[in-house]
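To keep things clear, I will list the structure first and then write my remarks on it.
The values are calculated or read from the model by the stated rules, or taken from the named source; none is laboratory data. Only a predicted model underlies this, so the values are computations on that prediction, with no experimental measurement involved. So basically every Cβ, Gly included, is an ideal-geometry build from the backbone, and we count neighbours across all protein chains shown. Side chains are part of the model used for accessible areas, which takes the heavy atoms of the whole protein and leaves out ligands, DNA and RNA. Shrake-Rupley method; radii C 1.70, N 1.55, O 1.52, S 1.80 Å.
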Amino acid sequence: MEQVGIRGTSLKIFKDYLKSRKQREKLANDYSDDAVCCEYGVPQGSVLGPTLFLLYINNLCDLDIKTGRLFTFADDTSIVFHGRTLDEAKLNTETGLNKIAKWLNHNLLTLNTTKTKFILFGNTVRSLPIGNDFGIQLHTCQYNVQNECNCTFLDRTRIVKYLGVLLDERLTWVPHINLLAGRIRRPICIFRKLRHVADHKLIKNVYTALAESILSYCISSWGGARKTHLIEVERAQRTLLKVIKFKPFRYPTVDLYSECDVLTVRQLYIKNIIIYQHKKLIYDDAIANRRTHRVCPTTQAKTSYLQKFQCYTGPMLYNRLNKILNIYPLNIYECKIKLVEWLKTQKYNEIENLFTNVK
């Protein structure tokens with residue numbers, strides 16, 4: 001804390017708060033041992049605990065890992081390494097992990113090797129090794145590329161859950177979409193009872209809280225999946241809406257969304273990435289006066305694999321919709337209202353054509 005600028009009386013207050021703490025084990029109603037002095041850590045469950053922990057661990061993000069990038073959320077840390085080949089990626093990963101392990105050891109922290117797993121990302125099945133032919137070691141020895149050692153091998157996983165999102169090796173998002181479909185169907189029993197006593201406005205608010213909030217979470221990542229993959233969660237959404245509106249199984253989809261006054265899964269994706277791009281853009285009168293719809297810098301996609309991610313579809317769709325709606329001069333609220341009203345008028349095929357014909 002002193003290194004980040006907390007000194008004087010403030011530092012003394014924290015010292016007094018953290019020192020001379022004791023703890024002991026309790027089994028049932030009896031204490032199992034005497035109180036022992038607690039020399040490290042912060043009081044768990046306290047208001048200051050998370051803040052103090054972040055102060056302690058934030059230097060981890062400043063480590064110089066040239067071939068990797070750290071993503072931290074509280075005590076959950078993920079590191080992404082890359083390389084032109086699998087051997088290069090393996091070397092970069094083991095080198096970076098060795099540097100991280102040294103930092104943790106120096107700061108009296110340990111890396112739980114049983115919970116630490118790795119996943120390989122590739123755009124094709126052939127680009128990924130089969131079985132256990134590829135291994136990553138967490139070196140706790142005097143790490144040297146030329147030397148072999150008996151350090152722990154990390155377990156490889158095909159699917160990893162990070163902050164509530166399931167990531168698979170090829171980023172098809174199929175496992176996460178299947179998980180979402182089950183979660184969207186879960187509140188059906190609630191709406192079977194609620195629809196008899198609540199009006200449309202109340203039911204829509206409950207739907208937004210219980211279903212649309214789940215669909216919107218991280219949709220900018222998985223919402224660009226292929227329509228053949230996305231259909232599973234779309235069917236779950238329609239099933240829920242039909243239950244809310246007392247509609248039969250084969251009720252027309254267009255009429256269903258119109259009566260419920262909600263967006264489809266793909267429309268929610270478009271809404272989120274367009275609003276995100278709109279927030280990033282800095283309004284320029286010179287661009288607006290040229291009356292051009294290409295106001296958002298675009299990236300080149302050499303493969304169709306890249307075209308389903310926000311870094312490509314975001315700028316492309318923004319420029320295309322700006323040509324139709326002229327949303328560039330609007331503020332965020334006006335942009336959102338105009339965009340949502342327009343999306344509600346579009347049919348399923350018209351929405352999908354925005355992706356297939358983006359140029």
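In the chain, helical runs assigned H by DSSP with n ≥ 4 each contribute -39500 (n - 2.57); averaged across all residues and rounded to the nearest 500, the mean residue ellipticity at 222 nm is -13500 deg cm²/dmol. Among beta bridges from DSSP that stay inside the chain, the antiparallel ones total about 90%.
What does the charge add up to near Ile6, with Lys and Arg as +1, Asp and Glu as -1, over the other residues with Cβ less than 13 Å from its Cβ? Spell out each step's value before the answer.
Working: positive: Arg7, Lys12, Lys15; negative: Glu2.
Neighbour charge sum, excluding Ile6 itself: +2.
Electrostatic bookkeeping for Gly135 treats Lys and Arg as +1 and Asp and Glu as -1; over the other residues with beta carbon under 14 Å from its beta carbon, the sum is -2. Computed with a 1.4 Å probe over protein heavy atoms only, the accessible area of Leu330 comes to about 50 Å². Close amide H partners of Arg21, meaning residues 5 or more places away or on another chain with modelled amide H under 5 Å apart, are Cys38. Hey, could you get me the Stokes-Einstein D for the stretch 160-262, Kirkwood radius over alpha-carbon pairs, 10 °C and 1.306 mPa s, rounded to whole µm² s⁻¹? Approximately 110 µm²/s, per Stokes-Einstein. Dipole size in debye (nearest 20) for the chain around its Cα centre, Lys and Arg Cβ +1, Asp and Glu Cβ -1? Once rounded to the nearest 20, the dipole reads 1560 debye. Ordering Tyr17, Cys38, Ala28 by the projection of their Cα atoms onto the charge dipole of the stretch 1-40, which places +1 on the Cβ of Lys and Arg and -1 on the Cβ of Asp and Glu, puts Tyr17 at the extreme positive end. The label point for Tyr305 and the one for Lys338, both projected 7 Å from the Cα toward the Cβ, are 3.8 nm apart. Computed extension length for Tyr40-Ile324: 96.3 nm, one decimal, from 0.36 nm per residue of separation with the Cα-Cα distance subtracted. When you restrict to C-alpha pairs under 8 Å that are six or more residues apart and normalise by the size of the chain, the relative contact order lands at 9 percent. Once backbone amide H atoms are built at 1.01 Å from N, Trp173 has Asp168 as its partners under 5 Å, excluding neighbours fewer than 5 places away on the same chain. Taking Asp87, Asp285 and ordering them by how much accessible surface each has at a 1.4 Å probe, largest first, produces Asp87, Asp285. Using every pair of distinct Cα positions in the chain, the Kirkwood expression returns a hydrodynamic radius of 24.9 angstrom.
Of the whole protein surface, Phe246 contributes about 110 Å² of accessible area at a 1.4 Å probe radius. Computing FRET efficiency as 1/(1 + (r/R0)^6) for Arg21 and Arg156, where r is the C-beta to C-beta distance and R0 is 41 Å, gives about 0.55.
For the stretch 119-127, backbone phi angles converted through the Karplus equation (6.51, -1.76, 1.60; θ = phi - 60°) give residue-by-residue couplings of 9, 9, 10, x, 8, 9, 5, 5, 6 Hz, Gly and Pro being listed as x.
Tell me the per residue accessible area of the chain using a 1.4 Å probe; a whole number in Å² is fine.
So the chain comes to 64 Å² accessible per residue, rounded to a whole number.
Using a Gaussian network model of the chain whose springs link C-alpha atoms within less than 10 Å, name the residue from Leu321, Leu91, Leu108 with the highest mean-square fluctuation. Judging by the Gaussian network model, the answer is Leu108. The angle separating the long axis of helix 8-18 from the principal Cα axis of greatest extent in the chain is about 80 degrees.
Our coupling estimate for the stretch 344-355, obtained by passing each phi through the Karplus curve with A = 6.51, B = -1.76, C = 1.60 and θ = phi - 60°, is 5, 8, 8, 7, 4, 5, 5, 5, 5, 5, 4, 8 Hz, Gly and Pro reported as x. Compactness check for the stretch 31-89: Cα Rg over 2.2 N^0.38 Å is 1.72. Once the Cα atoms are used to define both axes, helix 310-325 deviates from the longest principal axis of the chain by about 30 degrees.
Helix 227-244 and the longest principal axis of the C-alpha atoms of the chain enclose an angle of approximately 70°. Carbon and sulfur: what percent of the chain's accessible surface (1.4 Å probe)? Using a 1.4 Å probe with all protein chains present, the chain comes out at 52 percent carbon and sulfur.
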